[in-house]
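Comments concern the structure below.
The values are calculated or read from the model by the stated rules, or taken from the named source; none is laboratory data. This structure is a prediction, so every number in the text was calculated from the model and none was measured. Reconstructed Cβ throughout: ideal geometry from the backbone, glycine too, with neighbour counts over all protein chains shown.
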Amino acid sequence: MQTPVRSLDEFEELVAEALELLPAEIVAMMENVAVTVAYRPSPAQAQSVNLGPRGALYGLYEGVPLTQRTTNYGMITPDRITIFMYPMVYYHPTPEAIKDQVRRTVLHEIGHHFGMGEEQLRRLGY
């Protein structure tokens, strides 16, 4: 199957575009968080969310949400949002569908950074 996104570099551009669309107020509040892309989750990442062998993980937030940070928070490595290419291009056959899912996934993982849970994010459509 030929995919509309042929490389990790092309996929990274879609993630960068999604980040560029964020309001300045949101970007200003994204302290100590790095957004990265990967082809697929590592075994440790898959295990951290109990991903089964047939499961698909589009993105993952790893860190301390803003709502849980205390005055002792500081001088630590950045939180990380990773957006995974393979599941998106496998389940979304068109460039438009991939681009839309990238945007939704970026917003979903940023929601976790702001302390939102899965149920709340799903109610919001992410």
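Data overview
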item	result
Subset of region 29-87 that is of a type in the set (Ser, Thr, Tyr) and buried (at least 16 other Cβ atoms within 10 Å of the Cβ) - its residue that is nearest to Leu19 (Cα to Cα)	Thr82
Cβ pairs under 8 Å, 6+ apart, first in region 111-122 and closer than 16 Å to Val33 by Cα and in contact (Cβ under 8 Å) with a residue 60 or more places away in the chain, second of a type outside the set (Phe, Trp, Tyr) and outside any helix (DSSP H, G or I)	His113/Met30; His113/Val33; His113/Gly63; His113/Pro65; His113/Asp79; His113/Ile81; Phe114/Pro65
Residue list for region 53-68, filter: over 13 Å from Pro87 (Cβ atoms) and hydrophobic (A, V, I, L, M, F, W, C)	Val64, Leu66
Helices (runs of 4 or more DSSP H) contained in region 40-126 and holding at least 3 residues touching a Leu at 6+ places or on another chain (Cβ under 8 Å)	43-48, 95-113
Unmet criterion (only one of (1) farther than 14 Å from Gly59 by Cα; (2) modelled with pLDDT of 90 or more) for Thr105	(1)
Filter result for Arg6 (more than 18 Å from Tyr126 (Cβ to Cβ), touching a residue at least 24 places away in the same chain (Cβ under 8 Å) and not in a helix (DSSP H, G or I))	no
Count of region 8-66 residues which are among the basic types (Lys, Arg) and under 13 Å from His113 (Cβ atoms)	0
Residue ID - modelled with the lowest pLDDT, chosen from residues in region 11-39 that are part of a loop (DSSP other than H, G, I, E, B) and either within 12 Å of the chain's Cα centre (by Cα) or over 17 Å from Val89 (Cβ atoms) (or both)	Glu31
